[in-house]
Amino acid sequence: MSKKHVTTTVNGDPAEFLTDPATSLLNALRDELGLTGAKEGCGTGDCGACSVIVDGRLVCSCLMLAAEAEGKRIETIEGMAQSGVLHPLQQKFLEHAALQCGFCTPGILVAAKALLDANPDPTETETRYWLAGNLCRCTGYDKIIHAVMDAAADMRQVRRAS
Amino acid sequence: MAQRDYIAPTSVEAAIGALTSAGAGARVLSGGTDLLVQMRSGRAKPGLIVDLKAVPGAIGVRQAADGGFVIGAATSGAVLGEHAALVKAWPGVVEAVNLIGSTQVQGRASLAGNLCNASPAADSVPAMVAARAIAVVVGPSGQREVPVEQIPVGPGKTSLGPGEFVTEFKLPARPARSADAYLRFIPRTEMDIAVVGAGVNLTLDASGVVTSAHVSLGAVAPTVLLVAEAGQALVGSKLDEAALAKLDAAARAACRPISDKRGTVEYRTQIAGVLARRAALIAYSRAGERA
């Protein structure tokens, strides 16, 4: 079996790794790059715990081969806080207690960031549909949705002020 | 352990060559939302994975000179949903693609993958069949154009020969006052597999009379069905109750479903008629707004 050499950008920094041809991007992130924020919940694209952003597009990293990441720009939960300052979504998740066990949280934060990047003013319905591919077995979702809506409102205010 | 490799050829010829020489052990990869799940479960053990996304034209939408559309086989649902001209011309096709999976899956899943995975419940397929879409197939013996309903031949099986794959889809030019719609029934609001799907594509004359109609059904037979009698039931009508009742009956008569955890034969058959009616009314109203 020939290993593939993959050159990519992860959270703004160049990264390279060797991977087996059939290894998922999720496993490469976790095992080759030591980025364990993205989680494997189901491994079949149903739970969203492995969500990352590839070239600006939200994807399940369990449904993408690591070899496909060649030349791509990848954003993971590890890049969300900037210089030790939490992203507004992360801050609001804490304030609203939008997590319990936390296993789904990195995926939900990345998915919510992708939503607000694309649509800074989503309705609650849009937010619920956007996050339908992120399963949480603890919170019952309401706190998560409230945290995302609250973060979106804060971010819009900051944008207006600046 | 079997030998495994991954390649991303940058030409159609290279892709055909790789698939042909690797034989039955090769699998084509576009979005991967089905293939990676099958690899993980052990159902698929490809010796060679041929990623088609680097082939020129594999990703993207372009409008042909005659007003029809050409869609790259590996174009994701998210890209299709953001293409304003495509959404306007083919709302049913786009709403069908966009029903597949989650936001994450939409970022990857493609029309060709949905078609060639050959699930009878594939959401984009009934809409593409009703749209009379053409799949452009290439392979060792050249290129051929195939109506999409002829690609799947049964659950998980296609009519593609060794070394063949779909490069793009062609959607025909639209006459005035044309529109389509797709509805699927699932017991929840998101993230589920169709119990039944129904696609309707029709064209009206200036007075609102249907001049041409195509109706397709998913998840009620081993492959997606193009139901000619159901389309005929609408032609010459303004979708009055008599025409809708004929459509409903023709749709039910075409069903050959199985009973499984998603629904019984009787239930699926009943729902097929109901969804065909509702999709027809939506397509009719959309077409009327284009008068």
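Read-outs: derived from the displayed coordinates by stated rules, not from any lab. Note that the coordinates shown come from a computational prediction; the quantities given were computed from them, not determined experimentally. Here the Cβ is made from the backbone with ideal geometry for all residues, glycine too, and neighbour counts use every protein chain on show.
Key figures for this structure:
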read-out: Residue satisfying all of: in the range A:52-74; at the interface with chain B (Cβ under 8 Å from one of its Cβ atoms), under 25 Å from B:ASP5 (Cα atoms) and of a type outside the set (A, V, I, L, M); surrounded by the most Cβ atoms within 10 Å (Cβ to Cβ) among these; value: A:CYS60
read-out: Members of the range B:139-157 that are assigned to a strand (DSSP E or B) and crowded, with 20+ Cβ neighbours inside 10 Å; value: B:PRO152
read-out: Qualifying residue in the range A:105-120 (condition: part of a loop (DSSP other than H, G, I, E, B), within 14 Å of chain B (Cβ to nearest Cβ), among the polar types (S, T, N, Q) and free of Cβ contacts under 8 Å to residues at least 40 places away in the same chain); value: yes
read-out: Selected residue (criterion: farthest from the chain's Cα centre (by Cα)) from residues of the range B:59-88 that are more than 30 Å from B:ALA176 (Cβ to Cβ) and either within 9 Å of chain A (Cβ to nearest Cβ) or surrounded by fewer than 23 Cβ atoms within 10 Å (Cβ to Cβ) (or both); value: B:ILE59
read-out: In the range A:10-19, the residues that are surrounded by fewer than 19 Cβ atoms within 10 Å (Cβ to Cβ) and touching a residue at least 12 places away in the same chain (Cβ under 8 Å); value: A:ASN11, A:GLY12, A:ALA15, A:LEU18
read-out: Filtered residue count, the range A:119-144, keeping only those that are touching a Phe, Trp or Tyr at 6+ places or on another chain (Cβ under 9 Å) and among the small types (Gly, Ala, Ser); value: 0
read-out: Residue selected from the range A:123-140 under the condition more than 12 Å from every other protein chain (Cβ to nearest Cβ) and assigned to a loop (DSSP other than H, G, I, E, B), by the criterion nearest to A:ALA153 (Cα to Cα); value: A:THR123
read-out: Long-range neighbours under 6 Å by Cβ, at least six apart or interchain, first residue away from chain A (no Cβ under 14 Å) within the range B:1-24, second β-branched (Val, Ile, Thr); value: B:VAL12/B:VAL55; B:VAL12/B:VAL138; B:ALA15/B:VAL50; B:ALA15/B:VAL55; B:LEU19/B:VAL50
read-out: Any hit, the range B:40-56, residues being in contact with a helix residue (DSSP H, G or I) (Cβ under 8 Å, 6 or more places away or on another chain), away from every other protein chain (no Cβ under 13 Å) and surrounded by 16 or more Cβ atoms within 10 Å (Cβ to Cβ); value: yes
read-out: Residue list for the range A:27-48, filter: over 22 Å from B:ASP192 (Cα atoms), crowded, with 24+ Cβ neighbours inside 10 Å and either within 11 Å of another protein chain (Cβ to nearest Cβ) or more than 14 Å from the chain's Cα centre (by Cα) (or both); value: A:ALA28
read-out: Candidates B:VAL93, B:VAL129, B:VAL125, filtered to the one that is touching a residue at least 60 places away in the same chain (Cβ under 8 Å), away from chain A (no Cβ under 14 Å), in contact with a His (Cβ under 8 Å, 6 or more places away or on another chain) and crowded, with 23+ Cβ neighbours inside 10 Å; value: B:VAL129
read-out: Cβ-Cβ under 7 Å pairs, at least 6 apart or on other chains, the range B:63-82 side touching a residue at least 12 places away in the same chain (Cβ under 8 Å), far side basic (Lys, Arg); value: B:GLY67/B:ARG174; B:GLY68/B:LYS170; B:VAL70/B:ARG62; B:VAL70/B:LYS170; B:ALA74/B:LYS53; B:SER76/B:ARG108; B:ALA78/A:ARG57
